[in-house]
Amino acid sequence: MKNLLRKHLLNFGLIIFILISSCKSKKGIIYSDNRYTPIPKVETYHYKSPQLRQNQNKEKAIGLAISGGGSRAQYFGLGVLIGLDDIEVNENSFLNEVDYFSTVSGGGFGTGYYMSLLHNNVLDNYNSLFDFWKSNDRKKVLQEFLFKDAKPLSILKLKKYEKNRIRTPYPDLIDYELLQFGKTYNGKKIERLFLHHFFIPKSSNKNVKLPMFVTNGTIYNNGERLPFMPHIIDSIGISGSLLPIEDFEIDNGYGLPLNYAITGSAAFPGVLPMLKMRLKNKPDRVVRIIDGGAVDNLGFTTLFELLDSDDLESKNKSMLIVDCGGLGTEMREQNTDRVKLPALLTKTLLYSVDIKLLYSNSDIEILSSYYDINRSNVKRIGISTIKEKYLNLEENIDESTRKVMNKLKNDIIDGEMDWEDLHRDLANSPSFRDYNEHNLSELPMERFSEFSTKDIFEIFELSSQVITKIKIYPWEKEILILAGRYVVYLEKNDITHLAK
């Protein structure tokens, strides 16, 4: 009884602490000699242009932003990458024409995986990223699961994180399970990635082989956006890592391991451990870095700045923004059950991100005008694109589809929804003949035109209901990859226009 009471008191105290902390303003300590130096601008003039890569269109600068959203963002974003690789432009794939990547949190998971495949020449053995996705090499050797249990109650492990008592530190999981570091492929070890693989100094003799890849974090203490670029790392004076693991020391920003840039970008407060970085000549000071979604969960701010600093004329610049947000089944009403602590913590932690997303379209309009990039050269796609598709077909909804829609609505309200059962129902559709619930993501794009309104409705609901989390079910992975590919299929004409 005492233990139960203690547990309830702890939960109550934790909720009060979070709510009060989020409401009160922080009083700064002001000294007359305090000289604040802002983080430097996102600029590319320090580095060789990614358009110097082989077979690139040097007259076009294309940027791609992929939002946060945990493993939902990882797999939906990866599905988009697979779809973009199947779009042919200028005798190249659209994906290969992308010069700049800007990602936030989970958006960096799938992109980092893709970059590791590129750097280690894995894709040289395949005609496309889609062919690799279907291969045994991917399924048996280069798997991309991130086995990390991350829940709101992980905040209770903060003391353990601070004392470095968590087994298999988060950056190590990123390195091995996402970036494939140390795995053996075709008799060779997969190499570790560093920022110097994506940012080549202009004075260097090295050739540019990869696009620029920027992950975005947030400075914990003052809320500054932190794009992980060498010149920005140097300006802060970061010299190494203290937490989640004391792992490395660097002479300059080029030596920062990519797994730390991804870790910092995806360090969701209270759920995943923040980075704690050492500073040069300041042994008693550190910089803590948390999830980039606290400032810009879509990653487009950094992307606008990257394109602005590119030497090409504004008319030759374009960008694609991938919104991995789940917008499916959140309804105004719910059942009468009491609100449980994990759900309350999740809502509390996500409110600031959700509010920023409400204004993201107007922010995109403002930045397009400010940086003089034609609005027709800026395209936003996402899971909501599928919703728009089935809403346009709503007049043609047949009775069987209407029945599924009504059952879904009632089951969600009653708290009895079985999403895996709905996934199996989709797999039994005639559109997925010869495929099953375990390989929906491998359906050829030519079959997408056969989707019924019911198929489209179920794809949207299944992909959008995946909450922001790290540990993911195999069937959720399958539907998210499929959804990402399908969105690219739906928007193929507009996306192709961005490369012209």
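Laid out as a table, the results:
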{"quantity": "Residue match in the stretch 306-314 (condition: in contact with a strand residue (DSSP E or B) (Cβ under 7 Å, 6 or more places away or on another chain), part of a strand (DSSP E or B) and at pLDDT 75 or above)", "calculated": "no"}
{"quantity": "Cβ-Cβ under 6 Å pairs, at least 6 apart or on other chains, the stretch 251-264 side in the same structural domain as ILE174 (by the TED database), far side in a strand (DSSP E or B) and of a type in the set (Val, Ile, Thr)", "calculated": "ALA261/THR215; ILE262/THR215; GLY264/ILE289"}
{"quantity": "Subset of the stretch 438-451 that is surrounded by fewer than 18 Cβ atoms within 10 Å (Cβ to Cβ) and polar (S, T, N, Q) - its residue that is farthest from TYR75 (Cα to Cα)", "calculated": "SER449"}
{"quantity": "Any hit, the stretch 64-81, residues being at pLDDT 95 or above and of a type in the set (Lys, Arg)", "calculated": "no"}
{"quantity": "Options LYS27, LYS58, LYS7, LYS41; residue that is modelled with pLDDT under 90 and either of a type in the set (Asp, Glu) or outside any helix (DSSP H, G or I) (or both)", "calculated": "LYS27"}
{"quantity": "Identity of the residue in the stretch 178-218, part of a loop (DSSP other than H, G, I, E, B) and aliphatic (A, V, I, L, M), that ends up nearest to the chain's Cα centre (by Cα)", "calculated": "LEU179"}
{"quantity": "Selected residue (only one of PHE213, PHE228, PHE199, PHE248 is free of Cβ contacts under 8 Å to residues at least 40 places away in the same chain, buried (at least 23 other Cβ atoms within 10 Å of the Cβ), in contact with a Phe, Trp or Tyr (Cβ under 9 Å, 6 or more places away or on another chain) and not small (Gly, Ala, Ser))", "calculated": "PHE228"}
{"quantity": "From the options LYS356, LYS379, LYS403, LYS347, residue that is out of contact with any Lys or Arg (no Cβ under 9 Å at 6 or more places or on another chain), modelled with pLDDT of 80 or more and in a helix (DSSP H, G or I)", "calculated": "LYS403"}
{"quantity": "Lone qualifier among TYR486, TYR390, TYR435 - being over 30 Å from VAL339 (Cα atoms), among the hydroxyl-bearing types (Ser, Thr, Tyr) and surrounded by fewer than 20 Cβ atoms within 10 Å (Cβ to Cβ)", "calculated": "TYR435"}
{"quantity": "Matching residues, the stretch 282-316, being of a type in the set (A, V, I, L, M, F, W, C) and closer than 17 Å to ALA261 by Cα", "calculated": "VAL286, VAL287, ILE289, ILE290, ALA294, VAL295, LEU298, LEU303"}
{"quantity": "Matching residues, the stretch 434-462, being acidic (Asp, Glu) and over 16 Å from VAL404 (Cα atoms)", "calculated": "ASP434, GLU437, GLU442, GLU446, GLU450"}
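The values are calculated or read from the model by the stated rules, or taken from the named source; none is laboratory data. Quick caveat, the model's predicted, so the values are computed rather than measured. Because the Cβ atoms are built from the backbone with ideal geometry, glycine has one as well, and the counts that use them run over all protein chains shown.
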